[in-house]
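A.B. asks: First, the structure itself, so that you have it in front of you.
What follows draws every value from the coordinates through simple rules; no lab data is involved. Predicted model, so just to flag it, every value in this text is computed and none were measured. All Cβ positions, glycine included, derive from the backbone under ideal geometry; neighbour counts span all protein chains shown.
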Amino acid sequence: MPNTVSRELSVVEAVREALAQEMARDERVLVLGEDVGKLGGVFRATEGLYERFGPQRVIDMPMAETVIAGVTVGLAMRGMRPVAEIQFADFIHAAMDHLVGEAAKIRWRTGGDWSCPMVLRTAYGGGFRGGPYHSQSVEAFYAHAPGLKVVAPSTPADAKGLLVAAIRDPDPVLVLEHKRTYRAIRGPVPEGEYVVPIGRAAVARAGADATVLAYGMMLHESLAAADVLAQEGIDVEVIDLRTLAPLDRETILTSLAKTRRLCVVHEDTLTMGLGAELCALAAEAGVLDVPPVRVAMPDIPGIPVDEVLEDALLPNRATIGDALARLVARPRSHAGGAAPAAYDPGIPQASSIVEVALPVEHTRLAVDALAAAVRAVPQCNATFAWTGLVAHDEVRVDLDLGATSPASGRGTITLVDYGPAGSDLAIPFVRPGQTAALRIGAVHDGRAYAACAVDHRAVDGADVGRFLAAFKTAVEDGR
């Protein structure tokens, strides 16, 4: 909801303004949590609200996150619009059962008869010298729970607009506020009513060479890295996810369809973090020309107390920039359907071997048998593309007889046969644009080994076996 009149605020000031305006607009909105009243919250996000709205609507709670979350669920189901604060995201796990086991499921398990319009705000992320118990990034745990929306604003305007949207949402919303952004990040914030819809990402910086998906403080580190790379001629597009659940697939895929390269940046640990889901989304959509990269914290149990170690572990503009430079340097294996002339090491190969009865002079026989095997297993006569397998109507055998007759590279499948001078057994390379290659070893006493290699993205192990069985039958029946 646009508003042209704005001033510059910090993130924490924007949060405070959103709470005050929504409490003034709707008397059902109340705030509860540890020290949110007279103290104004540990980060002063609720400062001044107690004096303005009183103890009935700004409620200091015990140091018991389970109680805070449970009371919030009950208030929401009784028609209130509670906004609970958990001081640090590290402490939210004590309340997980209320969030994931109850709040996220209420609409579903009651068939829509009940809803749970609650908000839980918490401060997350490292770089604040908080050590292992005040620095966690918890987004992957909660974005995994269907029925629970998760937002992570990066700018003051979004901190206000997303919090307002969360308060007005009919279902539970977890608002993750990166503690380093509270006072370090300032920017224009519209006055008066301002809503940023949940579920929509934003293009923070347009570019053409690669897409970065980030949020929270990592958005700002990614933007800084992109500015440095721009001086080197690398044009990076940076997407501010803003909402982590549900993801804005349209904005993400539109960007990737343009850049065809993906880098995901988050502070959370690498394994099974949000980046894995984002990479899977891109892979399943078939919009990448090169494998994606993730820049994240290593898989360690917590942020170190030592500040030197903390800085070394957290992603930053330098590590993000290095990852992007390497990503952009990688050749586009599938750009425009063009295939490089040499063997593409990006093709994941699988192979199998069979012994066949062959005469010494067998080239024509092998070509005909190869065509018969392709008819039995047509996926071996195709081109793999990220958008799907492209089958070929005709069989064009690219015959590689060694130095005297190398393969042309224009076929749909390759047959390698170096004759008596060749090795008894060797695995051929699958050429770009093809899905299979067959190599026949040297013939001894009327027998030889035939090895088939396939692009494992297009042909599985069982199909390789079927292909070789069909080839063996065709060869031996045609002798």
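A.B. asks: Defining a contact as two alpha carbons under 8 Å apart and six or more residues distant in sequence, what relative contact order in percent does segment 202-330 show?
C.D. replies: Details: 225 pairs, mean separation 38.4, N = 129.
Reported as a whole number, the value is 30 percent.
A.B. asks: Let me ask another. Run the quick spin-label model on residue 355 and residue 285: label points 7 Å from Cα toward the beta carbon, then report their separation in nm to one decimal.
C.D. replies: Simple spin-label model gives 5.2 nm for this pair.
A.B. asks: So what's Rg/Rh here for segment 202-330, counting alpha carbon atoms and using the Kirkwood radius for Rh? Mind dumping the intermediate values first?
C.D. replies: On the way: Rg = 13.9 Å, Rh = 14.6 Å.
Rounded to two decimals, Rg/Rh equals 0.95.
A.B. asks: Using modelled amide H (1.01 Å from N, peptide plane; none on Pro or chain starts), what sits under 5 Å from the amide H of residue 59, excluding residues fewer than 5 places away?
C.D. replies: For residue 59, the qualifying residues are 31, 32, 33.
A.B. asks: May I have the pair-distance distribution P(r) for segment 349-478, computed from all Cα-Cα distances with 10 Å bins from 0 and rounded to whole percent?
C.D. replies: 14, 50, 31, 5, 0
A.B. asks: With charges only on Cβ, +1 for K and R and -1 for D and E, what is the dipole size of segment 227-315 about its Cα centre, in debye, rounded to 20? The partial results should precede the final answer.
C.D. replies: Working: 6 positive and 17 negative charges, 102 e Å.
The calculation lands at about 500 debye.
A.B. asks: Could you tell me the ratio Rg/Rh of segment 6-190? Both radii from Cα atoms, Rh via Kirkwood. Walk me through the numbers before you get to the answer.
C.D. replies: On the way: Rg = 15.1 Å, Rh = 16.1 Å.
Using only Cα positions, Rg/Rh for segment 6-190 is 0.94.
A.B. asks: Going highest first, how would you order 257-269, 219-231 by mean Cβ packing within 10 Å?
C.D. replies: Most protected by this proxy first, the peptides run 257-269, 219-231.
A.B. asks: What nm value, rounded to one decimal, do you get for the distance between residue 44 and residue 26 when each label is placed 7 Å out toward the C-beta?
C.D. replies: Spacing of the two 7 Å Cα→Cβ label points: 2.9 nm.
A.B. asks: Another question, if that's okay. Just the number: Rg to Rh for segment 1-47, Cα atoms, Kirkwood Rh, two decimals. Display every interim value, and only then the final one.
C.D. replies: Working: Rg = 12.1 Å, Rh = 11.8 Å.
When Rh is taken as the Kirkwood radius, the ratio is 1.02.
A.B. asks: A further question follows. Work out the P(r) tail for segment 350-424: percent of alpha carbon pairs separated by more than 19 Å, whole number.
C.D. replies: On the way: 1169 of 2775 pairs.
Roughly 42 percent, once rounded to a whole number.
A.B. asks: Okay, next question. In segment 66-146, which trypsin sites (Lys or Arg not before Pro) are in a loop and have at most 13 other Cβ atoms within 10 Å, using DSSP for the loop call?
C.D. replies: Passing sites in segment 66-146 are 78, 129.
A.B. asks: On to the next question. Assign unit charges at the C-beta atoms only (+1 for Lys and Arg, -1 for Asp and Glu), then state the dipole size of the chain relative to its Cα centre in Debye, rounded to the nearest 20. Before the final figure, lay out each step's value.
C.D. replies: Values: 45 positive and 60 negative charges, 148 e Å.
Dipole size: approximately 700 debye.
A.B. asks: Taking amide H atoms as placed 1.01 Å from N in the peptide plane, list the residues 5 or more away in sequence, or in a different chain, whose amide H sits under 5 Å from that of residue 210.
C.D. replies: Those qualifying (amide H under 5 Å, at least 5 residues apart or on another chain) are 237.
A.B. asks: Which residues among segment 132-170 fall inside the zone where the amide N is under 11 Å from a point 7 Å beyond the Cα of residue 272, along Cα→Cβ?
C.D. replies: Backbone N within reach: 141.
A.B. asks: So what's the gap between the Cα centers of segment 208-278 and segment 169-185, to the nearest angstrom?
C.D. replies: Their Cα centres are 19 Å away from one another.
A.B. asks: Taking H as built 1.01 Å from N, whose amide H comes closer than 5 Å to the amide H of residue 416, not counting residues under 5 places away?
C.D. replies: 400, 438, 439, 440
A.B. asks: I would also like to ask the following. Taking the Cα centre of each part, how many Å lie between segment 7-21 and segment 413-442?
C.D. replies: The distance from the Cα centre of segment 7-21 to that of segment 413-442 comes to 67 Å.
A.B. asks: Right, here's the next one. Can you run phi through the Karplus equation (6.51, -1.76, 1.60; θ = phi - 60°) for segment 21-36 and list ³J(HN,Hα) in whole Hz, with x for Gly and Pro?
C.D. replies: In residue order, the calculated couplings are 5, 6, 5, 6, 6, 9, 5, 6, 7, 9, 10, 9, x, 6, 6, 7 Hz.
A.B. asks: Please compute the net charge surrounding residue 98, taking Lys and Arg as +1 and Asp and Glu as -1 over other residues with Cβ under 13 Å from its Cβ.
C.D. replies: Working: positive: 105; negative: 65, 97, 102.
So the environment of residue 98 carries a net charge of -2.
A.B. asks: Quick one: what do you get for the chain if you divide its Cα Rg by 2.2 N^0.38 Å? Each step should come with its number before you reach the end.
C.D. replies: Details: Rg = 29.6 Å, N = 479, 2.2 N^0.38 = 23.0 Å.
The reported ratio for this selection is 1.29.
A.B. asks: How far is it, in nm, from the label point at residue 7 to the one at residue 93 when both lie 7 Å from their Cα along the line to the Cβ?
C.D. replies: 4.2
A.B. asks: Now a separate question. Pairs of alpha-carbon atoms within less than 8 angstrom and 6+ residues apart define the contacts here; what relative contact order does the chain have, in percent?
C.D. replies: Working: 1105 pairs, mean separation 55.3, N = 479.
Across the chain, relative contact order equals 12 percent.
A.B. asks: Tell me the Rg and the Dmax, in Å, that the Cα atoms of segment 163-211 produce.
C.D. replies: 14.0, 39
A.B. asks: Can you give the FRET efficiency for residue 129 and residue 332, using 1/(1 + (r/R0)^6), R0 = 60 Å, r = Cβ-Cβ distance, to the nearest 0.05? Could you put the intermediate results ahead of the total?
C.D. replies: Details: r = 42 Å, r/R0 = 0.70.
Once the sixth-power term is evaluated, E becomes 0.90.
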